[in-house]
Amino acid sequence: ITNSKTDVVQAIVDAYTKSDDAVYNKVDRVFDEPRSAAPEILFAFDDVKLRDRINASRFLVSEALTKWKAMTLGLSASTYTDADLAKSKEYLRQVTSFLNDVATAVNDFETNSYLTQAMIDSYKADVSTARQNVNTASSGLIAAEQGFLIDLTNAPVQAAKVSAAQATVANYQVRLSKMVLKSPITGIVSKQDAKVGESLS
């Protein structure tokens, strides 16, 4: 169970790291002042509702990543709780939704006086890589969670096996103790008439 917790913790940290990289190092390239209170995605597509949603989401994602980072700093198998996993999954969903919206917008980018096709292609590649990395991290988190749940379910079975093994050892110890001849008094053995296989009191 401790090993499984460690796997879940590692998956949480990995999901945070890949989400952080996706937003700050890959997707922020398509924003003006992405880390400000009013980030703006490049004005290169027509969907105003999508633009407004992305701009609002970019600010909220930054807040989520800050909270997520603080949570992961003190996270270990000994401090892990189910709430850590639940929060991480929530943050991951938020980042994934944001990346999906950005991908939709970038795919609709049109060239203009300051945005060439080569730049658009570069942005598309970055967003695609960001989404792929976050999806991989999400799969890793799900796998670690499932492994942990399986181990929790199997723990009573394993404990029963340990108890059965302990009972077997105790049985052998009793049988072994009956295979030793001990004199109740101090002295020298002058004669031994016992035969192999014979039962003695």
Calculated from DSSP helices alone, with each H run of at least 4 adding -39500 (n - 2.57) and the total divided by the residues of the chain, [θ]222 nm to the nearest 500 comes to -24000 deg cm²/dmol
Taking N as the residue count of the chain, its alpha carbon Rg divided by 2.2 N^0.38 Å gives 1.93
Env charge @ residue 49, Cβ radius under 13 Å, K,R +1 / D,E -1, value -3
GNM of the chain, Cα pairs under 10 angstrom: of 34, 156, 184, the biggest fluctuation goes to 184
Filtered hits (lysines, Cα-Cα < 24 Å from residue 195, offset >= 8 within chain) -> 178, 182
For the table 5/89; 67/124; 26/89; 89/161, the rows whose alpha-carbon distance is greater than 25 Å are 67/124; 89/161
Expressed in square angstrom to the nearest 10, the accessible area of residue 63 with a 1.4 Å probe stands at 80
The percentage of the accessible area of the chain (probe 1.4 Å, all protein chains present) made up of carbon and sulfur atoms, to the nearest whole number, is 55
Rounded to 0.05, the calculated FRET efficiency for the beta carbons of residue 67 and residue 118 at R₀ = 25 Å is 0.10
Note to self: with every protein chain in place and a 1.4 Å probe, the range 74-124 gives an accessible area per residue in Å² of 52
Counting only protein heavy atoms and rolling a 1.4 Å probe, one gets per residue an accessible area for the range 7-71 in Å² of 50
For the chain, longest principal axis from Cα atoms; helix 2-21 axis from its Cα atoms; angle between them, nearest 10 degrees, is 10
Sorted by accessible surface (1.4 Å probe, heavy atoms of the protein chains only), largest first, 191, 5 come out as 191, 5
Nearest 10, in degrees from 0 to 90: the angle of helix 48-73 to the longest Cα principal axis of the chain is 30
Interchain or sequence-distant (5+) residues whose placed amide H lies within less than 5 Å of the amide H of residue 40 are 32
A chain fully extended from residue 89 to residue 50 at 0.36 nm per residue, minus the present Cα-Cα distance, gains in nm 11.7 nm
The size of the Cβ-based charge dipole (Lys, Arg +1; Asp, Glu -1) of the chain about the Cα centre, to the nearest 20 debye, is 1520
Scalar couplings 3J(HN,Hα) for the range 156-164 by Karplus 6.51 cos²θ - 1.76 cosθ + 1.60 (θ = phi - 60°), nearest whole Hz, x for Gly and Pro, are x, 5, 5, 5, 5, 5, 5, 4, 5
Residue span residue 100 to residue 24: 0.36 nm per residue of separation minus Cα-Cα distance leaves a gain in nm of 25.8 nm
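The values are calculated or read from the model by the stated rules, or taken from the named source; none is laboratory data. None of these values were measured; they are calculated from a predicted model. Here Cβ is always computed from backbone atoms with ideal geometry, including for glycine, and neighbour counts include all displayed protein chains. For accessibility, only protein heavy atoms count, side chains too; no ligands or nucleic acids. Shrake-Rupley method; radii C 1.70, N 1.55, O 1.52, S 1.80 Å.
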